[in-house]
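Enquirer: Below you will find the structure I want to go over with you.
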Amino acid sequence: MTILNYTEDHHRFRERFEKFCKEELTPFVDQWEAEHIVPKSKWKQMGENGFLCTEVPKEYGGPGGDFLHSVIIAEELVKTEHMGIMAPLHSDIVVPYISTFGSEEIKHKYLPGCASGDCISAIAMTEPGAGSDVASMEMTAVEDGDDVVINGSKTFISNGVNCDIVIVAAKDPSISNPHKAISLYLIEDGTKGFEHDKKLEKMGMHSQDTAELFFTDCRIPKSNIIGEKGNGFIQLMQKLQQERLVCSIQAIAGVEHVLEKTVNYFRNSDAAVGSIKAEQAVQFELAEMTAESRILRAFIDQLILGHMNKENVIIETSIAKYRTSEALNSIINRCLGFSGDYGLSEKNTLVRMARDARVQTIYAGTNEVMKSIIAKSLGL
Ligand SMILES: Cc1cc2nc3c(=O)[nH]c(=O)nc-3n(C[C@H](O)[C@H](O)[C@H](O)COP(=O)(O)OP(=O)(O)OC[C@H]3O[C@@H](n4cnc5c(N)ncnc54)[C@H](O)[C@@H]3O)c2cc1C
């Protein structure tokens, strides 16, 4: 069943990126997991090869591709079985704030570096006391002449150590309506009063530099406001569709990857698994998981198409994010079980994938929040 029309160019792009992943990423994953960070030089290599910010137009230094190029990057990266180099977060979640809402000055200043890998980006919404309820954030942005002075802290920020720029959501404390008080501000690494070197130890995604960010009287020019002042909350909501779709694409690609590995294991490893592949219980489990995977794939591809046609599919992307992330967690765990004790060995990369998958039900809006959105759409 073909839903998406990949061109010859897309197929060649996928082949090139698949090769890049095999040669330039996968061999280093264990090292990055141990070091809890991916070196910036790898981001640069990604950019030099046209694998970052694929949708950024050529006039701003990007490769000038389309969303299907982003889909390819997200899907192929999953096969490297690590979450350290979060190119989809940079290219398809953070940078679109700049390309959609940024002034021409900001776009010309930052987009070329974002595409070349010289400028790694992060988005900072979450605070120690404000996660799902973004409007309750406390970080302040106070105008002072031609500047804005930022104070407060953010937590669990992906790319938080490596980032050269961060888009920060903060409130003007003089405006009481929280939805009108939030704006997005672009802050460069090295700006006085901005510290971001505190890596967080977490359950999975060990090679991903998730960090706390601190802002103390951090002064930036007013021209670094992304879009119109006071529009931050609306901007964040507008970009949720793509953010949750990207998460769903990664999750379904993960499901497919794990199933392919597991089926191959049963097909090709007679000696290792003895006769259990002949057991109907195993066959039925794999058949059930394959059925779920294929149904989700059709739904996601249809959503990609709708998104590319600029349809409003925010409810459907909430459904997708919830169901694909749950499926990923459950399918990895079921596949782990087939291998008995080896299933839990650190030598089994499914163990890493299981750890990394857990967060997918939490970030980009928790699955409880997804269910609230779905329930609201039902008039409940
Ligand atoms: C590895 C990792 C990377 C992250 N990267 C980023 C990043 O780059 N940038 C960024 O800004 N943030 C990031 N986050 C933060 C993430 O977006 C938040 O963790 C998430 O939004 C949930 O917020 P919270 O953790 O404060 O949980 P809370 O909002 O405090 O929720 C706690 C629990 O209550 C439930 N809950 C909350 N509200 C409701 C409701 N209305 N109805 C029902 N249940 C509810 C939640 O589902 C959850 O189970 C990251 C988090 C992790 C773990």
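The values are calculated or read from the model by the stated rules, or taken from the named source; none is laboratory data. Keep in mind the model is a prediction, meaning the values are calculated, not measured. Cβ: placed from backbone, ideal geometry, glycine included. Neighbour counts: every protein chain shown.
Enquirer: Can you find a residue that is under 23 Å from residue 134 (Cα atoms) and touching a Gly at 6+ places or on another chain (Cβ under 7 Å) anywhere in the stretch 246-260?
Expert: Among the residues of the stretch 246-260, not one is under 23 Å from residue 134 (Cα atoms) and touching a Gly at 6+ places or on another chain (Cβ under 7 Å), which makes the answer no.
Enquirer: Something else: Among the listed residues 279, 316, identify the single one that is buried (at least 16 other Cβ atoms within 10 Å of the Cβ), more than 30 Å from residue 30 (Cα to Cα) and either among the hydrophobic types (A, V, I, L, M, F, W, C) or out of contact with any Cys (no Cβ under 6 Å at 6 or more places or on another chain) (or both).
Expert: 316
Enquirer: Okay, moving on. Say we look at the stretch 104-137 and pick out the residues that are touching a Ser or Thr at 6+ places or on another chain (Cβ under 7 Å) and in contact (Cβ under 8 Å) with a residue 40 or more places away in the chain; which of these is surrounded by the fewest Cβ atoms within 10 Å (Cβ to Cβ)?
Expert: The residue in question is 105.
Enquirer: Also: Sort through 201, 212, 138 and tell me the only one that's charged (D, E, K, R), within 12 Å of the ligand (Cβ to nearest atom), under 30 Å from residue 36 (Cβ atoms) and part of a loop (DSSP other than H, G, I, E, B).
Expert: The match here is 201.
Enquirer: What about residue 322, is it outside any helix (DSSP H, G or I), within 13 Å of the ligand (Cβ to nearest atom) and at negative phi?
Expert: Taking the combined requirement at face value, the residue does not satisfy it.
Enquirer: Any chance the stretch 77-92 includes a residue that's of a type outside the set (Phe, Trp, Tyr), touching a strand residue (DSSP E or B) at 6+ places or on another chain (Cβ under 8 Å) and not in a loop (DSSP other than H, G, I, E, B)?
Expert: yes
Enquirer: May I ask you to list the residues in the stretch 334-367 that are surrounded by fewer than 16 Cβ atoms within 10 Å (Cβ to Cβ) and either among the basic types (Lys, Arg) or within 16 Å of the ligand (Cβ to nearest atom) (or both)?
Expert: 347, 362
Enquirer: Looking at (1) without any contact (Cβ under 8 Å) to a residue 40 or more places away in the chain; (2) in the same structural domain as residue 72 (by TED's automatic domain parsing); (3) surrounded by fewer than 24 Cβ atoms within 10 Å (Cβ to Cβ), can you tell me which one residue 140 breaks?
Expert: The failed condition is (2).
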